[in-house]
1. Name the one entry in LEU4, LEU26, LEU42 that is part of a helix (DSSP H, G or I), of a type outside the set (Val, Ile, Thr) and open to solvent by less than 100 Å² (accessible area, probe 1.4 Å).
2. Filter the stretch 7-23 down to residues that are open to solvent by 80 Å² or more (accessible area, probe 1.4 Å) and of a type in the set (S, T, N, Q) and give me whichever is modelled with the highest pLDDT.
Amino acid sequence: MRNLLHCFINDQSGVTAIEYGLIAALIAVVIIVAVQLVGTDLSSTFSAIAANLA
């Protein structure tokens, strides 16, 4: 039983998958924030252009 517990504690087979998942989540958050900021700026720019054309 002690050997089984020791093997379980030292098992690192899923660590890489978890790290890749965290990196992918961080990249997704950065992309979402960037798209929202650019979208807001584009919206205000198009509104200004539309106001000047009218």
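The values are calculated or read from the model by the stated rules, or taken from the named source; none is laboratory data. Predicted, not measured: the structure shown is a model, and the values here were computed from it. The protein model used for the area step is the full one, side chains on, heavy atoms only, and it has no ligands, DNA or RNA in it. Shrake-Rupley method; radii C 1.70, N 1.55, O 1.52, S 1.80 Å.
1. Details: LEU4 fails: open to solvent by less than 100 Å² (accessible area, probe 1.4 Å); LEU26 fails: open to solvent by less than 100 Å² (accessible area, probe 1.4 Å).
Checking each option against the conditions leaves just LEU42.
2. Among residues in the stretch 7-23 that are open to solvent by 80 Å² or more (accessible area, probe 1.4 Å) and of a type in the set (S, T, N, Q), the one modelled with the highest pLDDT is ASN10.
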